[in-house]
Amino acid sequence: MTPIDIRGLTKRFGSFTALDGLDLTVGPAEVRGFLGPNGAGKSTAIRVLLGLLRADGGTVRLFDGDPWADAVALHRRLAYVPGDVALWPNLSGGEAIDYLSRLRGTPDPRRKAELLERFELDPRKKARTYSKGNRQKVALVAAFASDAELFVLDEPTSGLDPLMEAVFTECVRDRAAEGRAVLLSSHILSEVEKLCDTVTIIRAGRPVEAGTLAELRHLTRTRVSAVVRGDASAVPGLDGVHDARSESVEEGTRLTLDVDDAALSAVLPRLTDAEVVSLTATPPSLEDLFLRHYGDEIGADDGVPATGAGR
Amino acid sequence: MSTATGTTAHRVPGHRTPSHRAETPAEQRRHAHVLAGTGRLARQILRRDRRRMLIWAAVMSVFIAYFAVALSTVFDASALAARAAVMRTPSGIVMGGPGYGLDDYTPLVAVANEGTTWIVMALSVMAILHVVRHTRAEEESGRAELVRAGAVGRMAPAVATLATLAAHLLVIAVLSALATFASQGEDTSLVDGLGLMLASAASALVFGAAALVVAQIVSTSRGAVGLSLAVFGAAFAVRSAGDLIALEGSTLSWFSPLAWAQQMRAFVDLRWWPLLLSSAATAALLGLASALAARRDLGQGMVPARPGHPGAPGRLRGPVAMAWRQQRAMLGWCSLGLGLLWFGSGSMLDALGDMATDLVAETPALGALFGEDPDGFITSFLAVIMLSVALCAGAYAIVATHQQCRGEESSGRLELVLAAPVSRTGWFAAQLAVALAGAAVLLAVCVGAIWAGAALVGVTEPGSGEYATVFATHLPAVLSFAAVSALLYGWAPRLAGLSWLLLSAVLVIGMFGAMFEFPEAVLGISPFHWVPAPFAATEGGDLARTLGLSVVVLALLVLALLGFRRREIRSGS
């Protein structure tokens, strides 16, 4: 049974197309990162998934059920943390947690107490006086205190300080270790790299990459910076070398290149041949992938079909 | 507006007298800075509200002109004389005015005597909503924080709000006076019309300034609107009681800003000095608001928030319990406030009976209208009061349904709840059940309060059984407001505000429908048209009408649930 299976999802608001053929799957025990810049349609997709919005096209299955028609039964099995948590201003944080937990079933007071301690949340304060981070903690405690099979987390760490982000990371890892599935929407790349097995990247409502982190890293380039004494003028012309720059320094010439991972084995010998003095290679990160898709150079890539290995 | 900053800047150097050390330059700067940015904020308010303001101005001036025209076409001299006689009765005084010019009752005198209360009421509601929307609601939403982080003084939002309100009221006053003048032809005194409208606007401004003070004390916009409306209700009661003591007003009347508009004696013997009272009161309230604002933090009220419970009580389980938790305070305060108001009205019935007997002895024409029996007066007074009671409960029903549901949805709390195993129908039905039950309780408390007040002063007719009947027959009409706003919310939440339009239409039909001989189709819009006359002998079709209205309410509620089940949930709209 697949917790989340979205294929070709289209969602329009009037003439604006928010989602345009989105594919997104989360398997059992999978932690999937859901990346995209602001306004890419991440929250819209999640709201369709929760049955709050209606899909205009494509299929959306949640635990093999229809999220619009079978919302109540399906929601027993998931926990949700919105990106911007709104609470009842006259309720204390503890009351809001209890209410939300009871909606879901029989709450576990020990778990609540433990999570309150871990997140250092004062449950006596009225929600009206909570900061954004503290409201976020209320939703996180209510979600992690539940026994859900699937956690749908929409930018859950916005407003959390680095210490609390670490606590959040632990909580997700604990639940993942228990075999729960997680959909983590985010634009914080390090968070996704730390936690997720697989990633879907969307842009303007369309998936542009999807796959395991290892597969995606494959698509990225390693940044190589080398100082050579000899002649390396042929290197920038090699296949798989991008954005080469060279400048004269005391020891010789400094070359900066972006190299496709597949071309590394061909490029490195040429550098050693040219009497390399120093060499740094920055490993590919999700950030590079992200910037490649959303950075300035993207305009030219537009229209090129996504090459996600996992799709 | 920008002049406000200007005056402060000019005034400050005048204080620099060598004889005593009044203000250091730093203090002067601080003073000017309290109002910095007022002009820009005022322009922003006008921009945001331009449509709303245009509609208010158009509706008010058209309605007042229509009122004047209708009075002069429907009523001939003898009908007006009879109406003047009615205006001497208790219900005429409470729902009308202090009774200036009753001896020579012309259409425009009637506008001044009977219309002023309602003009001030409409403008005051407008003023209160305007003030709270641009002060406390802005703080609540967090927008005020963003604004105040700019080069904007502490009092600038409040002063900009009041200044735009004053300008809007001035425009409405002038437009309405001109519209009345144009509709009446040459024999109208434009000066009197201006006097009436300016004084009404000035009274409304006092209630706006009072709302500004309330907005400093209460930390939620809903609470601020409620308390400000209660202030208006109190002023209404004080004016009524004062004028009941003596025709043309007693000392007590003068404690109500409503009286300051009526005591201008427009179209009878115009005097201008009551305007000074309104202006002085507005200035004093603005000063008070400023003093309070200087002593509190942004976003907080005067009462510091107390810590709550670390956990929810066992009964806070499920949407019904949550809806009750969210609405119980509002129900409690409304029951207390309106209960006291109607209890007071009920306790006046005794005095009204005596007064009516004297009136009939003096004016035999009234006897023909109401019968010699003083109970006839009491019954007609109760009938007028019941319309107000039911409309208050109807307003509560609208707030408890659409305002409450919309608040949950647009804030995003509904999203959080519906992501849990809660069905849309279940949630909406819970909201509606609590709202309808609350409206029913409020109606019962109010009707019971009148009965208790009357019983206290020994008025035993009508008896408790008749009050119970009146409650039962009015309940479906009150709930119909909840049903209509639920229907709008279920299908087209953006249009949910239209339920207020229904309430206003019902008020107009109830007050003036019979007088202006509206066609049956228009009268039928009002659910109260289908309610048997209160405290009158029962008629054959009464039960059928009550049942019919109940069925309509039920059908509307079912339709509302169906609509809500199929529409999307939109947070942040």
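Values quoted throughout were computed directly from the atomic coordinates according to the rules given, and no laboratory measurement underlies them. The structure displayed is predicted, hence computed values, not measured ones. Virtual Cβ from ideal backbone geometry, glycine too; neighbours counted across all protein chains shown.
Listed values, structure above:
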| quantity | calculated |
| --- | --- |
| Simple spin-label estimate for B:Leu336 and B:Arg566 in nanometres, 7 Å along Cα-Cβ | 4.5 |
| Chain lengthening between B:Val191 and B:Ala555 when straightened (0.36 nm per residue, less Cα-Cα) | 125.9 nm |
| Residue-averaged beta-carbon neighbours from other chains (10 angstrom radius) around B:421-433 | 2 |
| Pairwise Lys count, region A:4-214 - Cα closer than 23 Å, eight or more residues apart or different chains | 11 |
| Potential lengthening between B:Ser464 and B:Leu543 on full extension [0.36 nm per residue; Cα-Cα distance subtracted] | 26.5 nm |
| Per-pair calculated FRET efficiency, R0 = 22 Å: B:Ile245 and B:Ala361 via Cβ, rounded to 0.05 | 0.70 |
| Spin-label zone in region B:519-537 - amide nitrogen under 16 Å from a point set 7 Å from the Cα of B:Ala79 along the C-beta vector | B:519-520 |
| At R0 = 60 Å, FRET efficiency that the Cβ-Cβ distance of A:Glu215 and B:Trp500 yields, to 0.05 | 0.55 |
| Projected area, mean over directions - the protein assembly as shown, Cα convex hull, nm² | 48.7 |
| Linear extension gain, A:Arg110 paired with A:Ala266, 0.36 nm per residue minus alpha-carbon span | 50.3 nm |
| Ordering of B:336-346, B:271-281 by burial proxy (mean other Cβ atoms within 10 Å per residue, highest first) | B:336-346, B:271-281 |
| Selection from A:Thr157, A:Ser15, A:Thr106 lying farthest towards where the dipole of region A:4-214 points positive, charges on Cβ | A:Ser15 |
| Distance from region B:216-282 to region A:50-90 (C-alpha centre basis), Å | 52 |
| Separation in nanometres of the label points that stand 7 Å from Cα toward Cβ, at A:Thr2 and A:Ser190 | 3.4 |
| Rounded FRET efficiency, nearest 0.05, which uses the C-beta distance separating A:Asp161 from B:Asp104 and R0 of 60 Å | 0.20 |
| Rough spin-label spacing in nm, given labels placed 7 Å along Cα→Cβ, for A:Ala177 and B:Trp272 | 8.4 |
| Convex hull of Cα atoms in region B:464-573, direction-averaged projection (nm²) | 8.5 |
